[in-house]
Amino acid sequence: MNVILFLILYAIIVNIAGLAEMGIDKRRARRGAFRIPEVNLFLTALIGGSIGCIVGMYLFRHKTKHRRFVILMPLICIVHVFLAVYVFYRLFG
């Protein structure tokens, strides 16, 4: 399998997971059920799901009043974009 295809599929899967985690945690918060730990939400973002987590935050209106999430999630996303551009230029530039 082509490395680029693998990375694209990985990014899609991990971002869908981030989006789903935010939705599941929001639903659990409403019901007063066992919650997904915040560290898990950040780990999902760190391993590449930052876009999905950000979309989930605003789609489900979840964690949008927590400064830690409002600041760190976009920061993680920016770091990922810079890393992706760097790797792209190292491979093809």
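The values are calculated or read from the model by the stated rules, or taken from the named source; none is laboratory data. Since the model is a prediction, treat every value here as computed from it, not as a measurement. The area values use the complete protein model at the heavy-atom level, side chains included, leaving out ligands, DNA and RNA. Shrake-Rupley method; radii C 1.70, N 1.55, O 1.52, S 1.80 Å.
Before moving on, here are some points about what is shown:
- Nearest-10 value in Å² for the accessible area of residue 88, using the 1.4 Å probe: 110 Å²
- Among the protein heavy atoms, those of residue 89 account for about 140 Å² of accessible surface (1.4 Å probe, every chain in place).
- Extension gain for residue 47 to residue 75 (0.36 nm times residue separation, less C-alpha to C-alpha distance): 8.7 nm.
- Normalised by the number of residues in the chain, the mean separation of alpha-carbon contacts (under 8 Å, six or more apart) gives a relative contact order of 28 percent.
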